[in-house]
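Enquirer: Have a look at this one before I ask anything.
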Amino acid sequence: MEKKEQILTIEAGKTEKHYWADLWKYRELFLFLSWRDILVRYKQTVIGILWSILRPFVTMIIFTIVFGKLAKFPSYDIPYPIFVFLGMLPWQFFANSFSEASNSLISNSNIISKIYFPRIIIPTTSVIVSLIDFFISFLILAGLCIFYQFIPSYRIIFVPLFLILAFSTSIGFGLIIASLNVKYRDFRYIVPFIVQLGLYISPVGFTSAVIPEKFRFLYALNPMVGVIDGFRWAFTGKTQINVTGLAISIILSIFLLIFGIYYFRKTEKSFADII
Amino acid sequence: MDFTIKVENIGKKYIISHKQKEKYLALRDVIANSFKNIAKKIAGKKEPNPTKEEFWALNDINFTIKEGERVGIIGRNGAGKSTLLKILSRITEPSTGKFSIKGRVASLLEVGTGFHPELTGRENIFLNGAILGMTRQEIKKKFDEIVAFSEVEKFLDTPVKRYSSGMYVRLAFAVAAHLEPEILIVDEVLAVGDAQFQKKCLGKMNDIGKDGRTVLFVSHNMGAIKQLCNTAIFLKDGKILYEGLVDKAIKEYMTFSYSNNKINNCNFSGTLANSIIFEEIYINEKKDQINLSPSDEILVKIKGKAIEDILNFRVTLSIYKDEIRVVTMHDVENPVTLLEGYFESLFKIPNFFLRPGDYSVSIGGYREGASDWTFGRDILSFTVAEEWSKKNDFANVGVVNLPYFGERICLEKNEKYN
């Protein structure tokens, strides 16, 4: 069998052109690393995969009590648990990918300093793993709908679009924070703080309709606002969607994705040297 | 264009900070420093940053490796060997120059890269295989072979965190040994595992080399280099000092490395490596190249400094020839405290004890009854000239020589010994 010899040339400062081709070549590693993360996540836990159901479930109960029963925010005839859960789903997805991605490079430093592969695989893997959690949590949502006999709107066909939006925001943010974390380990402390704060300033327990009109624009600068509102809008057909807010979200998420990749590519070369 | 690896003008620059105490950069320091710099700018002072310095780990490296060549890369610690391997395996980018590689590369800079302690042996074979660049099909095809080589069949479904370190290393090497790249890059991985396992690894690597694949091998073990490689590159301070046949390269390495009496402390490892600093070594008070006659009594003097009191301590001196430890000596008969401060240790080798040849000296020390030690390989080399006399007879073949002491008594005819 005559094989065509491939010559690979690496020149200082000119590795750009191999990158995307390599990414394709290393697709199997990508799968293996995702598989590893999922396997490892629930090893040595008693209830295993149930954790990814339990966590959002408990948060949902608390939010229902706090925002629905105590603060009595409007829920547009949607059972409050479903209402909250529709906010929780995209938020958890973002929060998980964001915090996992931010630590991913550090926790894989042994591979990074010993083996070559496109580094972008590592933080992206974290996002994929969170996506799987997302689908598992979706089962609870289905359960809640059956329990409350709630029928989703036909607009549910738009849900994937908002999922893509959440995905690109998560990857964009994840890449930036992951590469920053390699150089400045302070981000290890900043990330949990952002995640915690974000939960309260995003419309998870309420809709953005409760935000006063004059602050709406400012509020929409949080890219997850458009995603969560959109999610609820598409699934229930009852809440409103703020078009300007959504437009801002879309623009922001595309910008984040592009900037994330750009920044990651720029800093990636030095990872093995400083990690 | 007959090459497998072609390297042109490769250089690698690192910026080193002198004052950095933290292992990593913290944002607060960056912010604090920027404010300081702004303040300086306002004050109109301009000064170069004294804490930062450029350091060329590799400089102007050029070589070509042909297909099927097995190349050893030798040099002292810090000579740039690992950096070179990292660049060729694309882990880090060169700062200057370029290189071309023909064929699939697998680099083995560490045994068990990416092994996850929570995963089972079976799972880790797949994971590690994928990390080293095998496809799923390849791993499946070789799975049984890998398991057989590793001798851990019984524990395949046990998490590797419960493995003994020996089993762990065997499994890890088994995966690596079944890679089938055109080019194999190996860093000092043989330093782990027991002697028998090392032999097995070396044998396997020999097979790989005989298959006509290209091997790049870094080691401090000159014996392994000699056994495995046909050519070698000798690096010193980031530059190639010699490139060519392996025997010549090793000889160059030996003579060049010890051109003064200063001891390079990078060579030391062990728990006491930071408590004792060996500074200078002298053989018969001579400087530079050491050529001795068999009739010379050899007096080795080591000067050093103890950072703290070390209880029950003995300094050792080992003499190697062709990677075989000929003899190990102690500076004191019974372990005593090495007091904080400067010290000198003396060792004496009687004349006519060493046979002519090239010797390498390693020094170290350990605490009796504790597991604290330090050891440095290949600190200095010397040559015993090929002069034969009655006291060291050419026919006294062996590792060492004992001056003649014997007698023969012939009995009378018909008399028998009782």
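The values are calculated or read from the model by the stated rules, or taken from the named source; none is laboratory data. Note that this is a predicted model, so its numbers are computed, not measured. Cβ: placed from backbone, ideal geometry, glycine included. Neighbour counts: every protein chain shown.
Enquirer: Being farther than 13 Å from residue A:245 by Cα, of a type in the set (Lys, Arg) and surrounded by 15 or more Cβ atoms within 10 Å (Cβ to Cβ) is the requirement here; does residue A:185 meet it? Talk me through it step by step, then tell me what you get.
Expert: Values: farther than 13 Å from residue A:245 by Cα: yes; of a type in the set (Lys, Arg): yes; surrounded by 15 or more Cβ atoms within 10 Å (Cβ to Cβ): yes.
When the stated conditions are applied, residue A:185 passes them.
Enquirer: Before we move on, is residue A:32 among the aromatic types (Phe, Trp, Tyr) and facing chain B (nearest Cβ under 10 Å)? Break it down into steps so the answer makes sense when it comes.
Expert: Values: among the aromatic types (Phe, Trp, Tyr): yes; facing chain B (nearest Cβ under 10 Å): yes.
Here the answer is yes, as residue A:32 does meet what is asked.
Enquirer: Sticking with this structure for a sec: Tally the residues that are touching a residue at least 40 places away in the same chain (Cβ under 8 Å) and at the interface with chain A (Cβ under 7 Å from one of its Cβ atoms), restricting the search to the stretch B:84-102.
Expert: In the first step, residues of the stretch B:84-102 are kept if they are touching a residue at least 40 places away in the same chain (Cβ under 8 Å); the result is B:84-85, B:87-89, B:92, B:94-102.
The next check asks that each one be at the interface with chain A (Cβ under 7 Å from one of its Cβ atoms); those that pass are B:89, B:92, B:94-102.
Adding up the residues that qualify gives 11.
Enquirer: Taking helices (runs of 4 or more DSSP H) that do not extend beyond the stretch B:62-178, which have at least 2 residues that are of a type in the set (Asp, Glu)?
Expert: Values: elements: B:81-88, B:121-131, B:136-150, B:165-177.
Once the helices (runs of 4 or more DSSP H) in the stretch B:62-178 are filtered for at least 2 residues that are of a type in the set (Asp, Glu), what remains is B:136-150.
Enquirer: Ok, one more. Those residues that are exposed (fewer than 11 other Cβ atoms within 10 Å of the Cβ), modelled with pLDDT under 70 and within 11 Å of chain A (Cβ to nearest Cβ), I need them from the stretch B:1-59; list them, please.
Expert: B:1, B:22, B:23
Enquirer: Next up: Enumerate the strands (runs of 3 or more DSSP E) found wholly within the stretch B:313-418, keeping only those where 3 or more residues are more than 26 Å from residue B:278 (Cβ to Cβ) and within 30 Å of the chain's Cα centre (by Cα). Lay out the reasoning, then the answer.
Expert: Values: elements: B:324-330, B:336-338, B:341-349, B:357-367, B:373-384.
Where strands (runs of 3 or more DSSP E) fall fully within the stretch B:313-418, none carries at least 3 residues being more than 26 Å from residue B:278 (Cβ to Cβ) and within 30 Å of the chain's Cα centre (by Cα).
Enquirer: Is it true that residue B:399 is outside the structural domain of residue B:285 (by TED's automatic domain parsing) and closer than 23 Å to residue B:253 by Cβ? Break it down into steps so the answer makes sense when it comes.
Expert: Working: outside the structural domain of residue B:285 (by TED's automatic domain parsing): yes; closer than 23 Å to residue B:253 by Cβ: yes.
Considered against the rule, which asks whether it is outside the structural domain of residue B:285 (by TED's automatic domain parsing) and closer than 23 Å to residue B:253 by Cβ, residue B:399 comes out as yes.
Let's see how each residue does on (1) closer than 23 Å to residue A:18 by Cα; (2) touching a Cys at 6+ places or on another chain (Cβ under 6 Å); (3) among the aliphatic types (A, V, I, L, M); (4) assigned to a helix (DSSP H, G or I):
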{"residue": "A:119", "(1), (2), (3), (4)": "yes, no, no, no"}
{"residue": "A:130", "(1), (2), (3), (4)": "no, no, no, yes"}
{"residue": "A:136", "(1), (2), (3), (4)": "no, no, yes, yes"}
{"residue": "A:150", "(1), (2), (3), (4)": "no, no, no, no"}
{"residue": "A:160", "(1), (2), (3), (4)": "no, no, no, yes"}
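Enquirer: Give the stretch B:60-77 a look and list any residue that's of a type in the set (D, E, K, R) and either outside the structural domain of residue B:186 (by TED's automatic domain parsing) or surrounded by fewer than 23 Cβ atoms within 10 Å (Cβ to Cβ) (or both), or say none.
Expert: Going through the stretch B:60-77, the residues of a type in the set (D, E, K, R) turn out to be B:60, B:66-67, B:69-70, B:76.
Hits for the stretch B:60-77 are B:60, B:66, B:67, B:69, B:76.
Enquirer: Okay, moving on. Being assigned to a helix (DSSP H, G or I), within 12 Å of another protein chain (Cβ to nearest Cβ) and not β-branched (Val, Ile, Thr) is the filter here, so list the residues in the stretch A:266-275 that pass it. Break it down into steps so the answer makes sense when it comes.
Expert: Keep residues of the stretch A:266-275 that are assigned to a helix (DSSP H, G or I), which gives A:266-268, A:271-274.
From what is left, the residues that are within 12 Å of another protein chain (Cβ to nearest Cβ) are A:268, A:271-274.
Within the stretch A:266-275, A:268, A:271, A:272, A:273 qualify.
Enquirer: Further question: The conditions are (1) over 22 Å from the mean Cα position of the chain (by Cα); (2) over 28 Å from residue A:268 (Cα atoms), and residue B:177 fails exactly one of them. Which is it?
Expert: (1)
Enquirer: Could you tell me whether residue B:290 is at pLDDT below 90, surrounded by 13 or more Cβ atoms within 10 Å (Cβ to Cβ) and within 28 Å of residue B:398 (Cβ to Cβ)? Before you say what the answer is, go through the steps one by one.
Expert: Numbers: at pLDDT below 90: yes; surrounded by 13 or more Cβ atoms within 10 Å (Cβ to Cβ): yes; within 28 Å of residue B:398 (Cβ to Cβ): yes.
Yes; evaluated as a whole, the condition is true for this residue.
Residue-wise test of (1) within 30 Å of residue B:91 (Cβ to Cβ); (2) acidic (Asp, Glu); (3) surrounded by 14 or more Cβ atoms within 10 Å (Cβ to Cβ); (4) touching a strand residue (DSSP E or B) at 6+ places or on another chain (Cβ under 6 Å).
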residue: A:180; (1), (2), (3), (4): yes, no, yes, no
residue: A:216; (1), (2), (3), (4): no, no, yes, no
residue: A:220; (1), (2), (3), (4): no, no, yes, no
residue: A:225; (1), (2), (3), (4): no, no, yes, no
residue: A:231; (1), (2), (3), (4): no, no, yes, no
residue: A:243; (1), (2), (3), (4): no, no, no, no
residue: A:261; (1), (2), (3), (4): yes, no, yes, no
residue: A:264; (1), (2), (3), (4): yes, no, yes, no
residue: A:267; (1), (2), (3), (4): yes, no, yes, no
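Enquirer: Against the conditions (1) within 14 Å of another protein chain (Cβ to nearest Cβ); (2) out of contact with any Lys or Arg (no Cβ under 8 Å at 6 or more places or on another chain); (3) hydroxyl-bearing (Ser, Thr, Tyr), where does residue A:116 fall short? Just the number, please.
Expert: (2)
Enquirer: Here's a follow-up. Quick one: would you say residue A:190 is surrounded by fewer than 18 Cβ atoms within 10 Å (Cβ to Cβ), within 13 Å of another protein chain (Cβ to nearest Cβ) and part of a helix (DSSP H, G or I)?
Expert: yes
Enquirer: Right, another one. Could you tell me whether the stretch B:164-187 includes any residue that is more than 19 Å from residue B:114 (Cα to Cα) and of a type in the set (Gly, Ala, Ser)?
Expert: Looking through the stretch B:164-187, none of the residues is more than 19 Å from residue B:114 (Cα to Cα) and of a type in the set (Gly, Ala, Ser).
Enquirer: Another one. Can you tell me which residues in the stretch A:196-224 are part of a loop (DSSP other than H, G, I, E, B) and within 14 Å of residue A:243 (Cα to Cα)? Don't jump to the end; show me each part of the working.
Expert: Residues of the stretch A:196-224 that are part of a loop (DSSP other than H, G, I, E, B), as a first pass: A:202-207, A:211-212, A:221-222.
Answer for the stretch A:196-224, where residues must be part of a loop (DSSP other than H, G, I, E, B) and within 14 Å of residue A:243 (Cα to Cα): just A:221.
Enquirer: Identify all residues within the stretch B:210-225 that are closer than 23 Å to residue B:6 by Cα and either modelled with pLDDT of 90 or more or out of contact with any Phe, Trp or Tyr (no Cβ under 9 Å at 6 or more places or on another chain) (or both); write none if there are none. Explain how you work it out, then say what you get.
Expert: Kept after step one, since they are closer than 23 Å to residue B:6 by Cα, are these residues of the stretch B:210-225: B:210-219, B:225.
Answer for the stretch B:210-225, where residues must be closer than 23 Å to residue B:6 by Cα and either modelled with pLDDT of 90 or more or out of contact with any Phe, Trp or Tyr (no Cβ under 9 Å at 6 or more places or on another chain) (or both): B:210, B:211, B:212, B:213, B:214, B:215, B:216, B:217, B:218, B:219.
Enquirer: Condition test on residue B:199, is it surrounded by fewer than 21 Cβ atoms within 10 Å (Cβ to Cβ) and modelled with pLDDT of 80 or more? Lay out the reasoning, then the answer.
Expert: Working: surrounded by fewer than 21 Cβ atoms within 10 Å (Cβ to Cβ): yes; modelled with pLDDT of 80 or more: no.
In short, no.
Results for (1) of a type in the set (Lys, Arg); (2) under 30 Å from residue B:27 (Cα atoms), shown as yes or no for each residue.
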residue	(1), (2)
A:93	no, yes
A:108	no, yes
A:111	no, yes
A:141	no, no
A:157	no, no
A:185	yes, yes
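Enquirer: Would you point out which residue out of B:277, B:290 is in the same structural domain as residue B:352 (by TED's automatic domain parsing) and out of contact with any Ser or Thr (no Cβ under 9 Å at 6 or more places or on another chain)?
Expert: On the way: B:290 fails: out of contact with any Ser or Thr (no Cβ under 9 Å at 6 or more places or on another chain).
Of B:277, B:290, the one residue that is in the same structural domain as residue B:352 (by TED's automatic domain parsing) and out of contact with any Ser or Thr (no Cβ under 9 Å at 6 or more places or on another chain) is B:277.
Enquirer: Give the residue that is farthest from the other protein chains (Cβ to nearest Cβ), with candidates limited to residues of the stretch B:108-155 that are among the hydroxyl-bearing types (Ser, Thr, Tyr) and either closer than 10 Å to residue B:174 by Cα or touching a Leu at 6+ places or on another chain (Cβ under 7 Å) (or both). Please lay out each step first, then the result.
Expert: First, pick out the residues of the stretch B:108-155 that are among the hydroxyl-bearing types (Ser, Thr, Tyr): B:113, B:120, B:135, B:150.
Restricting the remaining residues to those that are either closer than 10 Å to residue B:174 by Cα or touching a Leu at 6+ places or on another chain (Cβ under 7 Å) (or both) gives B:120, B:150.
Numbers: B:120: 9, B:150: 19 Å.
That would be B:150.
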